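A short write-up of the structure that comes next.
Please treat every number below as a calculation from the coordinates, not as lab data. Note that the structure is a prediction, hence the values are computed from the model and not measured. Note that each Cβ is placed from the backbone with ideal geometry, even for glycine, and that neighbours are counted across all protein chains shown.
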Amino acid sequence: MGFLLVLGHKLARDRSWPKQGGLIGISAAAAVKHWSGLTFTMVALVVVGRISSQAGLVVYPITNGLVIPVAVVLGALLLKQ
């Protein structure tokens, strides 16, 4: 939703917005990664739900909580932050 607001604002201000070639590829890769993350979360909930009645207590912290330490480690390694 935020992307659409920024895009609308940018297009309203400046219609000659240059398109960068690499940006489309990165955006497509990010969309695929996001979609696959949602899909894997749903599959994990189904698989764990067959074993435990509290699948959300197992899957949710892993899929949503593990993102923060992984991002910190990748930021330190790749971006030297």
So how do 46-56, 69-79 stack up, highest first, on mean other-Cβ count within 10 Å? 46-56, 69-79
Can you give the calculated 222 nm mean residue ellipticity of the chain, where each DSSP H run of n ≥ 4 adds -39,500 (n - 2.57) and the sum is split over every residue, rounded to the nearest 500 deg cm²/dmol? -24500 deg cm²/dmol
Per the Kirkwood treatment, what hydrodynamic radius in Å, one decimal, follows for the chain from the mean inverse distance over all distinct Cα pairs? 16.0 Å
Thr63 paired with Ala44, simple spin-label distance in nm, labels 7 Å along Cα-to-beta-carbon: 0.7 nm
